[in-house]
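Notes follow the structure.
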Amino acid sequence: MSTSQSPESDGQAPPLALIAGPTASGKSDLAVRLALAVLAQGRPATIINADSAQVYTDLAVLSARPTPEEMQGVPHRLFGEWDGAEACSAADWADRARNVIAAVHGAGGVPILVGGTGLYLRTLLDGIAPVPPIDPAVRDAVRALPVAEAHTALSREDPARAAALSPNDAARIARALEVVRSTGKPLAAWQAELSGGIGAGVALHPLVLLPPRDWLYARCDLRFAQMLERGATDEVRHLLARNLDPALPVMRAIGVPEIAALLRGEIALDEARERGAQATRNYAKRQYTWFRRQPPHNWPRVESEHFDPGSHFVSLLRN
């Protein structure tokens, strides 16, 4: 993310709170407590989802979407607003998030972004590269290449991008190669033309939650076990009955493949529970690394399991 999105950058700009971090780190609870503190001051507050699984209607349990009781009367937006048959891209989400944020600001309120999908946040704040649609024939040809061949081709056609990527990063290598072949310009050239970002027009109040890993992983294990108790199996059963494209994000969400294997009789309940918990821990680990390294250095990080909105959002609550 661009360092132009500095905390509390402009007292005259409308406020935007942002609570980010890995799954199971306590973001949703902190967002509600912050919203209640804002409401206690007489200002409206709305929590806006920035998690790529929680956008889908079909994944209420497996995405740990807040329940009405957990919402405590605070308005929540962009939770469960996409049908699983429709892939929600970062650009799709950012377009809708911009509109919600503008509406909250128009009512004199404080929007509170909460989520763990870094690409969503980056797209909203920094904007998106205006890459034209990729020629389907080019995409098919690139995606058919073994990763080693694709990386070799990228080294010839976009050497700077190839040097910046791991030779095993199949998805990013394919994306860079299809862009340069389809558009005639390297991905970096398109990324230099970012547009649509709102970061420069808001007073950003960010907080990144990075609690101790042992604590976080224990919560991941507990959360997945609770999901199984609270209806995750029925949720996946209903999802499978829709016969959706298995490549859709909703079908690849954490827990769906594991429970689908259980429902097909391929594994037992205990193994499904362990696989789902492991997948959750692996995802949390990737998110933890991303949020430690990618956001601007001046975004506050909290490395304990105790989060107090009054301590971490002093400027926002003082205004």
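Since every read-out is calculated from the coordinates, none of them should be taken as a lab result. Computed from a prediction, not measured in an experiment: that's the story for all the values here. Positions of Cβ are generated from backbone atoms using ideal geometry, with glycine treated the same way; all protein chains shown enter the neighbour counts.
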- Note on the structure: Extension length gain for Gln278 and Val138 (0.36 nm per residue less Cα distance), in nm, is 46.8 nm
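Can you check what the Kirkwood hydrodynamic radius comes to for the stretch 152-298, Cα pairs only, in Å to one decimal?
Every distinct Cα pair counted, the radius reaches 19.0 Å.
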- Query: Dividing the alpha-carbon radius of gyration of the chain by 2.2 N^0.38 Å (N being the number of residues), what value is obtained?
  - Reply: 1.04
- Task: Can you pull the one-decimal nm distance between simple spin-label points at Asp169 and Gln191, each 7 Å off the Cα toward Cβ?
- Result: 0.8
- Message: Which one, Val202, Ile112, Met251, is farthest towards the positive end of the dipole of the chain when Lys and Arg carry +1 and Asp and Glu -1 on their Cβ?
- Response: Val202
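Once you list every other residue whose beta carbon is under 13 Å from the beta carbon of Val208, what net charge do they have if Lys and Arg are +1 and Asp and Glu are -1?
Surrounding charge for Val208 is +3.
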- State, as an integer percentage, the relative contact order of the stretch 136-191 based on alpha-carbon contacts under 8 Å between residues 6 or more apart. 35
- Query: Taking the Cα centre of the chain as origin and charging only Cβ (+1 Lys, Arg; -1 Asp, Glu), how large is the dipole, in debye to the nearest 20?
  - Reply: 520
- Kirkwood-based Rg to Rh ratio, the stretch 277-319, C-alpha trace: 1.10
- Query: For Lys285 and Leu39 in the same chain, what is the full-extension length gain: residue separation times 0.36 nm, less their Cα-Cα distance, in nm?
  - Reply: 85.2 nm
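For Thr67 and His297, what does the FRET efficiency come to when R0 = 25 Å and r is the distance between their Cβ atoms, rounded to the nearest 0.05?
On the way: r = 36 Å, r/R0 = 1.43.
Efficiency computed from Cβ-Cβ geometry: 0.10.
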- Note on the structure: Sorting Thr152, Val138, Gln191 by the position of each Cα along the dipole of the stretch 136-191 (Lys, Arg +1; Asp, Glu -1; all at Cβ), the one nearest the positive end of that ordering is Gln191
- Query: Hey, if you put +1 on the Cβ of every Lys and Arg and -1 on every Asp and Glu Cβ in the chain, which of Ala103, Phe313, Asn168 ends up farthest toward the positive end of that dipole?
  - Reply: Phe313
